[in-house]
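**Student:** Just passing along the structure, written as structure tokens.
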Amino acid sequence: MTPRYDKIHNRFKFNGLHFDFEDLKEVAYSLIKEGESYEKVTGNFLIDWLNNKDYLHVKTSGSTGQPKLLKLKKQAMVNSAIATGDFFGLEPGNTAIDCLPSHYIAGKMMLVRAMILGLEIDCVAPSAHPIFDYEKCYDFCAMIPLQLKHTVNYTQNIKTIIIGGSKVTKPLLEHIQNCPSKFYETYGMTETVTHVAVRQLESKAVKGDHLFRALPNVSFAQDDRDCLIINASKLVKEVLITNDIVDLKSETSFVLKGRYDNVINSAGVKLFPEQIEEKLQPVIDERFIVAGEEDATLGEKLVLIVENPRDSEESIAKRIKLVKGLTKFEVPKHIYTLDKFVETVNGKIQRKKTVKAVLG
């Protein structure tokens, strides 16, 4: 029998203590009244989850457009939690860390997974460098890449770590190859109630996989733009057409290439910024993006935008020339600098606004 959103698993624990449905309401009110700022947000989410409505409103991050307020069915969130539990083999009594803010879907879903699957969850402040019990063994945790970057040397006692919110950088990928945990890059969005596919990353525990693979009850197709179509009826009623260009390998696996609205057409050659940025990561320490700038000859020329660089543009250009595997079209024709990238409230780069700030 499928668990329901109005039931709390009898093995669920919050910060070491068991609470049933009614008890958890009291905890929520206490967090709102007496908790730290992040705990007040958690309390507000719990109040929304424990009310008699079958839905709640969730705000998108705004990284690919204006932030939106979406109405999500609580049962869809339960179904997502079950799919994650099935995929990763999570069982009642397993331990988890929640170090994500409860403002957004990823943080909310950590709590939902705990309540539905019967996890024992420890909630810590959702900082860039989360502090948790490094000696305690945990079965499951979700982080953004920045958090993992700061704590990767302390994750040896976490069995499985999922990573989402932004691209996992090449230096971080190389670092986790020497770690004993299992790491997975996630693919998903608020509309799909967090991730619908994951890609296993190489570590001491397992070999890596270049494919994103679907969670249970999810399948994929492509439209005429080569963009991903998501079929996940237990999460969202309608078929979801994305702007993510993929190389579809099967109904349940794909290679992610880049955003349709980011593609640069330079002299008839399609350039995917995300793939070029991955190649450039080893030679640029600061945050950066590549973009297309109007050009009379090429139509669009590739340019590089670097945030507050320590080195000169000439020095960066010299290092780029040493990068193997760049085609002549993938070498930036000009380098721009910007003191500060335009960000969403949770630190994601707003690509279009950042480009506009530089190119006008």
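**Student:** Please verify whether region 74-89 includes one or more residues that are open to solvent by less than 20 Å² (accessible area, probe 1.4 Å), closer than 19 Å to residue 165 by Cα and in contact with a Ser or Thr (Cβ under 7 Å, 6 or more places away or on another chain).
**Tutor:** Yes, region 74-89 contains at least one residue that is open to solvent by less than 20 Å² (accessible area, probe 1.4 Å), closer than 19 Å to residue 165 by Cα and in contact with a Ser or Thr (Cβ under 7 Å, 6 or more places away or on another chain).
**Student:** Give region 169-205 a look and list any residue that's closer than 20 Å to residue 87 by Cα, open to solvent by less than 30 Å² (accessible area, probe 1.4 Å) and β-branched (Val, Ile, Thr), or say none.
**Tutor:** 190, 192, 193, 194, 196, 198
**Student:** Between residues in region 291-310 that are within 14 Å of residue 264 (Cβ to Cβ) and residues that are part of a loop (DSSP other than H, G, I, E, B) and aliphatic (A, V, I, L, M), which pairs lie under 7 Å by C-beta distance while being six or more apart or on different chains?
**Tutor:** Matching pairs, first to second residue: 298/267; 299/267.
**Student:** Restricting to region 177-205, name every residue that is in a loop (DSSP other than H, G, I, E, B) and at pLDDT below 95. Quick ask: steps written out before the conclusion?
**Tutor:** Here is the first cut: in region 177-205, the ones in a loop (DSSP other than H, G, I, E, B) are 177-181, 193, 202-205.
Answer for region 177-205, where residues must be in a loop (DSSP other than H, G, I, E, B) and at pLDDT below 95: just 205.
**Student:** What are the pairs, 6+ residues apart or on separate chains, where a residue within region 209-224 that is in contact (Cβ under 8 Å) with a residue 60 or more places away in the chain and in a loop (DSSP other than H, G, I, E, B) has its Cβ under 7 Å from a residue that is hydrophobic (A, V, I, L, M, F, W, C) and open to solvent by 20 Å² or more (accessible area, probe 1.4 Å)?
**Tutor:** Listed pairs, sorted by first residue: 215/87; 216/87.
**Student:** Which pairs have Cβ atoms under 7 Å, sit 6 or more apart or on different chains, and link a residue in region 50-62 that is closer than 24 Å to residue 7 by Cα to one that is of a type in the set (Asp, Glu) and surrounded by 15 or more Cβ atoms within 10 Å (Cβ to Cβ)?
**Tutor:** 56/48
**Student:** Residues to consider are 248, 228, 148; find the one that is hydrophobic (A, V, I, L, M, F, W, C), over 20 Å from residue 279 (Cβ atoms), part of a strand (DSSP E or B) and out of contact with any Asp or Glu (no Cβ under 6 Å at 6 or more places or on another chain). Give the steps one after another, and end with the answer.
**Tutor:** Numbers: 228 fails: out of contact with any Asp or Glu (no Cβ under 6 Å at 6 or more places or on another chain); 148 fails: part of a strand (DSSP E or B).
So the residue among 248, 228, 148 that is hydrophobic (A, V, I, L, M, F, W, C), over 20 Å from residue 279 (Cβ atoms), part of a strand (DSSP E or B) and out of contact with any Asp or Glu (no Cβ under 6 Å at 6 or more places or on another chain) is 248.
**Student:** Give the number of residues within region 1-56 that are among the hydroxyl-bearing types (Ser, Thr, Tyr), under 25 Å from the mean Cα position of the chain (by Cα) and closer than 16 Å to residue 112 by Cα.
**Tutor:** The total comes to 3.
**Student:** With the structure loaded, tell me whether residue 70 is open to solvent by less than 50 Å² (accessible area, probe 1.4 Å) and not aromatic (Phe, Trp, Tyr) or whether it fails that test.
**Tutor:** Details: open to solvent by less than 50 Å² (accessible area, probe 1.4 Å): yes; not aromatic (Phe, Trp, Tyr): yes.
In short, yes.
**Student:** Then there is this: Do any residues in region 65-76 that are within 26 Å of residue 115 (Cβ to Cβ) and of a type in the set (A, V, I, L, M, F, W, C) have Cβ atoms under 7 Å from those of residues that are open to solvent by less than 70 Å² (accessible area, probe 1.4 Å) and in a loop (DSSP other than H, G, I, E, B), where the two are at least six apart or on different chains, and which pairs are they?
**Tutor:** 70/60; 72/193; 76/193; 76/235; 76/236
**Student:** Also: How many residues, within region 325-353, are β-branched (Val, Ile, Thr) and either open to solvent by 60 Å² or more (accessible area, probe 1.4 Å) or modelled with pLDDT of 95 or more (or both)? Give the steps one after another, and end with the answer.
**Tutor:** Initial filter on region 325-353 (β-branched (Val, Ile, Thr)): 327, 331, 335, 337, 342, 344-345, 349.
Applying the additional criterion that residues be either open to solvent by 60 Å² or more (accessible area, probe 1.4 Å) or modelled with pLDDT of 95 or more (or both) yields 327, 331, 335, 337, 345.
Going through region 325-353 one residue at a time, the tally reaches 5.
**Student:** Among the residues of region 11-32, is there at least one that is closer than 24 Å to residue 127 by Cα, in contact with a His (Cβ under 7 Å, 6 or more places away or on another chain) and either in contact (Cβ under 8 Å) with a residue 40 or more places away in the chain or open to solvent by 100 Å² or more (accessible area, probe 1.4 Å) (or both)?
**Tutor:** Going through region 11-32, the residues closer than 24 Å to residue 127 by Cα turn out to be 13-17, 27-32.
Checking which are in contact with a His (Cβ under 7 Å, 6 or more places away or on another chain) leaves us with none.
No, because not a single residue in region 11-32 is closer than 24 Å to residue 127 by Cα, in contact with a His (Cβ under 7 Å, 6 or more places away or on another chain) and either in contact (Cβ under 8 Å) with a residue 40 or more places away in the chain or open to solvent by 100 Å² or more (accessible area, probe 1.4 Å) (or both).
**Student:** Say we look at region 268-298 and pick out the residues that are surrounded by 19 or more Cβ atoms within 10 Å (Cβ to Cβ) and small (Gly, Ala, Ser); which of these is farthest from the chain's Cα centre (by Cα)?
**Tutor:** So the residue we want is 292.
**Student:** What is the one condition in (1) more than 22 Å from residue 206 (Cα to Cα); (2) in a loop (DSSP other than H, G, I, E, B); (3) modelled with pLDDT of 95 or more that residue 128 does not satisfy?
**Tutor:** Just one mismatch for residue 128, condition (3).
**Student:** Can you tell me which residue among 59, 108 is among the basic types (Lys, Arg) and open to solvent by less than 30 Å² (accessible area, probe 1.4 Å)? I'd like the intermediate steps shown before the answer.
**Tutor:** Working: 59 fails: open to solvent by less than 30 Å² (accessible area, probe 1.4 Å).
Result: 108 is the single residue among 59, 108 that is among the basic types (Lys, Arg) and open to solvent by less than 30 Å² (accessible area, probe 1.4 Å).
The values are calculated or read from the model by the stated rules, or taken from the named source; none is laboratory data. Keep in mind that this is a model prediction, so the values were computed, not measured. With ideal geometry, Cβ positions are generated from the backbone for all residues, glycine too; neighbour counts draw on all protein chains shown. Heads up: the accessible areas ignore ligands, DNA and RNA and are worked out on the full protein's heavy atoms, side chains in. Shrake-Rupley method; radii C 1.70, N 1.55, O 1.52, S 1.80 Å.
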